[in-house]
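So the structure is just underneath, and the comments pick up after that.
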Amino acid sequence: MLETAASWANAQLRQATGKMVTYRRGLVTCDLTAVVGRSEFESQGDYGVVTKVESRDYLVAVADLRLDDQQIYPMSGDRIEERFGETLVAYEVMAFGNEPCYRYSDPGRTTLRIHTKQIEVL
């Protein structure tokens, strides 16, 4: 029952606050609705210096992430393109520190949280 409630809540969140974005792997793309979030990562260097990095995250339905009609999972180097008025901004999917480039965002594994970094303004 908890998984059903989480899935319903995620769908409602995408409907209420989601943005249309383009997911790109090479030349292949798909348009999907994503909720924008953020994550903070810390890493400690050789001399004890702590570095903090903030990621722009995209929460997407696992079922919506399809390229060439095939279900895929994010890979480092993929891109997410988001439009701000007339400006298109590209974000690269990437892992930070010892973390993977994505994680599941709910117990039912129906939503992915994809970590990105802005790389280009088009």
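The values are calculated or read from the model by the stated rules, or taken from the named source; none is laboratory data. As the structure is a computational prediction, the values presented were derived from the model and not from experiment. Don't worry about glycine lacking a Cβ; one is built from the backbone with ideal geometry, like all the others, and counts go over all protein chains shown. Accessible surface areas use protein heavy atoms only, side chains included; no ligands, DNA or RNA. Shrake-Rupley method; radii C 1.70, N 1.55, O 1.52, S 1.80 Å.
Key figures for this structure:
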item	result
Among residues of the range 52-82, those that are open to solvent by 40 Å² or more (accessible area, probe 1.4 Å), part of a strand (DSSP E or B), in contact (Cβ under 8 Å) with a residue 12 or more places away in the chain and not acidic (Asp, Glu), counted	5
Per-region count, the range 83-96, residues in a strand (DSSP E or B), open to solvent by 40 Å² or more (accessible area, probe 1.4 Å) and either in contact with a His (Cβ under 9 Å, 6 or more places away or on another chain) or small (Gly, Ala, Ser) (or both)	0
Per-region count, the range 66-113, residues in contact with an Asp or Glu (Cβ under 9 Å, 6 or more places away or on another chain), closer than 23 Å to VAL28 by Cβ and of a type in the set (Lys, Arg)	2
In the range 37-51, the residues that are closer than 29 Å to THR22 by Cβ and open to solvent by 50 Å² or more (accessible area, probe 1.4 Å)	ARG38, GLU40
Residues of the range 97-122 classified as over 15 Å from VAL53 (Cβ atoms), touching a residue at least 40 places away in the same chain (Cβ under 8 Å), among the basic types (Lys, Arg) and in a strand (DSSP E or B), total	1
Residues (without any contact (Cβ under 8 Å) to a residue 40 or more places away in the chain and under 14 Å from LEU112 (Cα atoms)) located in the range 19-35	LEU32, THR33, VAL35
